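These notes are about the structure you will find just below.
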Amino acid sequence: MSETADAHDAPTSTGIDHKKLIMWLFLASDCMFFGTLISTHLLYRKLYPSGFTDAEGHQRFIQNLFNIELTSFSTFILLMSSFLMALAVSAMHKGEIKSFRRNVLGVIFFGLIFLGCQVFEFTHFYHQGLTIQNSVLGSTFYVLTGTHGTHVAIGVLWLILMYFYSFTGKLGGHMGALDVEVAGLYWHFVDIVWIIIFTAVYLVEYLGPNGFWGTGLPAVTK
Amino acid sequence: MSHDSHHDPVACKTELAPERSDLGLIRPDRTTGWTDWLTTVDHKKIGILYGAFAMFYFLVGGVEALAIRTQLARPDNDFITARMYNQLFTMHGTTMIFLGVMPLSAAFFNFLVPLQIGARDVAFPRLNAFSLWTFVFGAFVLNASWLFEFAHLAGWLNSFDWHKALVYTDFAPANGWFSYAPLSGTFGQNGQALRFTGVGTDFWIIGIQVLGIASLAASFNFICTIINMRAKGMTMMRLPVFTWMTLITAILIILAFPAITVALIELMFDRAFGANFFNPSAGGQPVLWQHLFWIFGHPEVYILVLPAMGIVSEILPTFSGKALFGYPIIVFSGAVIGFLGFAVWSHHMFTTGLGPVPTAAFSLLTMAIAVPTGVKIFNWLGTIWGGRVRFTPPMVLSLGFIWMFMCGGFSGVMHSSAPADSQQQDSYFVIAHFHYVLLGGVLLGLMAGLYFWFPKIFGRMPNAPIAYLASGMVILGFNLAFGPMHYLGLAGMPRRTHTYHAGNGWETWNYVATIGAYILGAGVFLAFANLAWTAFKGKKCSSDPWGGRTLEWSLPSPVPEYNFAQAPIVATRDAYFEDRHGGKRIAYENDGGEAGVHMPSQSWMPLVASTGFLFAGFGMPMMAMGVPHAGWIVITGLGVLILGIWLWAVEGPGGYMLKTPAAAGSPAPAETVAH
């Protein structure tokens, strides 16, 4: 965008750009969105044992399905993508478009690794017998983490489009930096939400011998 | 990319050379007629479109209500079937709330907020158009279920194989406006996903989802506009009260709608993919639906009523000739109502067995929310007190609002007592209560607003005798229709039953209520007909026929597309009133200079992106019910949506320069009609 007398360049009452403000408002709304989803999962997790019955009729437990090393790895990757996103925003503010492209490619690459891990995890859990249909646990788990994955996928698509758009020469100046910064806000938010989901869905299952909530059953052999 | 430098500033956009977007396409800037209305980004035109669609759906919802009342006029009546009755009360509630009141409030937000804060448009003009068209298509998806219902009744669907899969009990939704699980959900183990209800519920889910997107987009836009685009000197505590209530309503929407969005997603997963969120046979808890629904649903009540409160807070001072009594208290009461609105949802669920502690807590909080509401009532009375009252049609309706809303509030406080509520739950007493709040409150407030601002919107005066007659019919008919329902409810008549036997002592008052409903319906129709006539044929009036107080009255009627020829600088609350009668004048700043003022370009893209929701919204219920190839409609819809957003992003905001009368040399904003 060129530096014309654009409506979005007009000074605002608060000094905050419209685009940045509306993204903060969207994120406030998205907090309630994920808050509702996470609440649903925790309510049911508190109410029911972590076990479910697979297709062969075997009793299985979510703790045995989780591959915490893999999920920790993908969490770390997502965190590092946020770091690269911050570098990309900083590069845009300095007008270093090549540095921006390098960093944003890194973000896209890390985002895709995270999504790949999630696809692997979903497939693995499905073959282990946890489906969206056979238990409430499966429903809440897949819908919560899947919704987060959709957010990541939208972010990746957004950044890919932005990456290619940068070659048209129209992504530059104050407005270009603002556009990248707004995308960065979104990306950081999705990252923070994952930290909460990772804690609430995965980590608490490892507190104590039977997880924070317990299995809900008297004797469990893990 | 310099989209304005090659345009000479002129006073009429049709004189400009065609403007090309960043895509190289000609933007629909210079056209009039249909193209202009479909591509407009002018908040005033979008407001008028919102209002026109809302008034249409008010009449649709009204016809549905009259069918219900006709059925209930006599005991053991068979005017409509029980199935049709369920569909009618479901669609009546859904239509009135989501397609009547909310868009009519949105019409006022759109038309008034930029004018009241001294801005030339909203923060995101194209997003505003997107909200409008998404609402229009969401409303269409919701009501499309009626087309299927009528096709089914006519037997047109019988020759299709998938017909049997499509229907269980209904085509149009029949779950009530809250679609309680498990009735709206599924039963059966292991993903069988047997449904209690037919495709109507899927239409309802996707329709509400799309309407929610429209409301969310509009709310982000309006918060941004109010916080960021105020004229110089327009501090937050100088904002007109209507703008304040818009801000609080928008904040409620962005925080309340995600709960219903998630609930709808979960219900959709239950119905379409065999998930178990609300499936009782697989361990799902249907009461969770009630919680999620009312966490949205109770703030929604305040989303409906706060704009009407804002409207009344503008009208009462104007026609009492006094400043609003206790402006800061009114504003803070509105904020407290909004905040507490999130803490009282479980009073809809006292009979679900929450346990003594939550029940007591929600009882107390519900009583507490009556306090700021009562404070507002007293402030309005304080505004009228000692004033020189002019009984114009908007004032009559506003006074009716105070009186009727207060009655609704009284019965509302009764519900906060859990033991009393257990008796009143699901009886006609509840119907009486919320119609006093929503009709006596919200509808009277919105009608008052229509009569108040129509002269500003169209520059024409509504016919006063007809306005008085219509207002009288509405208030009389409304009390005849809903007053007796208090008695009927306490006498034991339950909600949502399509008929009743003679001998319960309910015959007389049901008959009276039906007569009242017809008077009410005729009154609303008369009022709307008067307004429609006014828009085209009404007597022309001056730019400030009422002696208004806020900035919009300083503008010519109808308002020119650039709103303010020069940017106003305000020094006080009620800036226009003070400008004429007080010591503090409105200063004007020639902000555009020789170049003129910057105007946003029109665009097809919001409409294109919204069309995606039409396809996806239509396809998803079909897909859920196993109609062959319906998935392709959904994929097409999502493709159109993404394509629309992409083209929207790369076409650029555009914009052109208009030389306003002020920039051309005339000193003050021109008035089209002399006083």
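Each value in this text was obtained by applying a stated rule to the coordinates, not by laboratory testing. All values reported here derive from a predicted model rather than from experimental measurement. Cβ atoms come from the backbone with ideal geometry, glycine included; neighbour counts cover every protein chain shown.
Which percent, to the nearest 5, of DSSP beta bridges fully inside the protein assembly as shown are antiparallel? Taking every DSSP beta bridge with both residues in the protein assembly as shown, the antiparallel ones total about 90 percent. Distances between placed amide hydrogens fall under 5 Å for residue B:427 paired with B:495, all partners being 5 or more residues away or on another chain. What's the angle, to the nearest 10 degrees (0 to 90), between helix A:18-47's Cα axis and the longest principal axis of chain A? Compared with the principal axis, the helix lies near 0 degrees. For residue B:589, the residues whose modelled amide H falls within less than 5 Å of its own, excluding neighbours fewer than 5 places apart on the same chain, are B:567, B:569. Evaluate the Debye formula for chain A with equal point scatterers sitting on the alpha carbons, no solvent, and hand back log10 of I(q)/I(0) at q = 0.12, 0.13 Å⁻¹, in q order, two decimals. Summing over Cα pairs of chain A leads to -0.71, -0.80. Tell me the net charge near residue A:141. Cut-off is 12 Å between Cβ atoms, residue A:141 excluded, with +1 for each Lys or Arg and -1 for each Asp or Glu. Overall, the nearby charge balance is -1. Computed about the Cα centre, the dipole magnitude for the stretch A:80-212 is approximately 420 debye when only Lys and Arg (+1) and Asp and Glu (-1) carry charge, each at its Cβ.
Working note: 222 nm ellipticity from helices only, DSSP H runs with n ≥ 4, each -39,500 (n - 2.57), summed and divided by the residues of chain B, gives -20500 deg cm²/dmol to the nearest 500.
Taking amide H as placed 1.01 Å from N in the peptide plane, the amide H of residue B:170 sits under 5 Å from that of B:198, B:199, B:200, each at least 5 places away or on another chain.
Each residue of the stretch B:400-406 was assigned a 3J(HN,Hα) from its phi angle through the Karplus curve 6.51 cos²θ - 1.76 cosθ + 1.60 (θ = phi - 60°); the sequence is x, 4, 4, 5, 5, 5, 5 Hz, with glycine and proline shown as x.
So if I place +1 on the C-beta of Lys and Arg and -1 on the C-beta of Asp and Glu, and nothing else carries charge, what would the dipole magnitude of the protein assembly as shown be about its Cα centre? I want it in debye, nearest 20.
1300
With Cα atoms defining each centre, the stretch B:352-396 and the stretch B:596-612 are spaced 41 Å apart in the structure. Going by alpha carbons, how many degrees (0 to 90, nearest 10) lie between the helix axis of A:173-197 and the longest principal axis of chain A? The angle comes out near 10 degrees.
Sequentially through the stretch B:272-280, phi angles give Karplus couplings (6.51, -1.76, 1.60; θ = phi - 60°) of 8, 10, x, 6, 10, 4, 10, 8, x Hz, Gly and Pro residues having no value and appearing as x. Normalised by the number of residues in the stretch A:80-212, the average gap of Cα pairs under 8 Å and 6 or more apart makes the relative contact order 30 percent. Each of A:119, A:149, A:172 was scored by the projection of its Cα onto the charge dipole of the stretch A:80-212, and the greatest displacement toward the positive side belongs to A:172; charges sit on the C-beta of Lys, Arg, Asp and Glu.
Per-residue 3J(HN,Hα) values for the stretch B:584-591, derived from phi via the Karplus relation 6.51 cos²θ - 1.76 cosθ + 1.60 with θ = phi - 60°, read 9, 8, 7, 8, 10, 10, 7, 6 Hz in sequence order (x marks Gly and Pro). Residue pairs exceeding 20 angstrom between C-alpha atoms, taken from B:44/B:456; B:456/B:540; B:456/B:659; A:19/B:456: B:456/B:659; A:19/B:456.
Under the convention that each Lys and Arg Cβ holds +1 and each Asp and Glu Cβ holds -1, the size of the dipole of chain B around its Cα centre is about 1180 debye.
With Cα atoms defining each centre, the stretch B:175-230 and the stretch B:413-427 are spaced 27 Å apart in the structure. Taking the Cα atoms only, what angle lies between the long axis of helix B:605-624 and the longest principal axis of chain B, rounded to 10 degrees? Relative to chain B, helix B:605-624 is tipped by roughly 0 degrees.
Calculated from DSSP H runs of 4 or more alone, at -39500 (n - 2.57) each and per residue, what is the 222 nm mean residue ellipticity of chain A, nearest 500?
-23000 deg cm²/dmol
Across chain A, the mean sequence separation of Cα contacts (distance under 8 Å, 6 or more residues apart), normalised by length, yields a relative contact order of 32 percent. Peptide B:654-660 has a mean of 1 when you count, residue by residue, the C-beta atoms of other protein chains within 10 Å of its C-beta. Per-residue packing, averaged as other Cβ atoms within 10 Å, sorts the ranges B:503-512, A:174-183, A:110-119 into the order A:174-183, A:110-119, B:503-512, beginning with the highest.
One equal scatterer on each Cα of the stretch B:469-546, no solvent, Debye formula: the resulting log10 I(q)/I(0) at q = 0.19, 0.22 Å⁻¹ is -0.82, -0.97.
Ordering A:38, A:186, A:161 by Cα displacement along the dipole of chain A toward the positive end leaves A:38 in first place; charges were set at the Cβ atoms of Lys, Arg (+1) and Asp, Glu (-1). The stretch A:133-176 and the stretch B:271-292 have Cα centres spaced 28 Å apart. Projected onto planes of every orientation and averaged, the convex hull of the alpha-carbon atoms in chain B covers 29.9 nm². Put simply, the Cα atoms of the stretch A:1-115 extend 68, 33, 19 Å along their principal axes, the longest span coming first.
Note that the protein assembly as shown, at 10 °C in a medium of 1.306 mPa s, gets a Stokes-Einstein diffusion coefficient of 54 µm²/s from its Kirkwood radius over C-alpha pairs. Each of B:416, B:468, B:197 was scored by the projection of its Cα onto the charge dipole of the protein assembly as shown, and the greatest displacement toward the positive side belongs to B:468; charges sit on the C-beta of Lys, Arg, Asp and Glu.
The relative contact order of chain B, computed from alpha carbon pairs under 8 Å that lie at least 6 residues apart in sequence, is 19 percent. Peptide B:568-581 has a mean of 0 when you count, residue by residue, the C-beta atoms of other protein chains within 10 Å of its C-beta. Among B:284-294, A:28-38, B:488-498, B:109-119, the peptide with the highest mean count of other Cβ atoms within 10 Å heads the list, and the full ranking is B:109-119, B:284-294, A:28-38, B:488-498.
Peptide A:33-46 is shielded by partner chain Cβ atoms: per residue, an average of 4 of them sit within 10 Å of its Cβ. Running Debye on the stretch A:80-212 with equal point scatterers at the Cα sites and no solvent, what base-10 log of I(q)/I(0) appears at q = 0.18 Å⁻¹? At q = 0.18 Å⁻¹ the computed log10 ratios are -0.95. Counting only residues at least eight positions apart within a chain, or on another chain, the aspartates and glutamates with an alpha carbon under 19 Å from that of residue B:45 are B:29, B:36, B:121, B:552, B:561.
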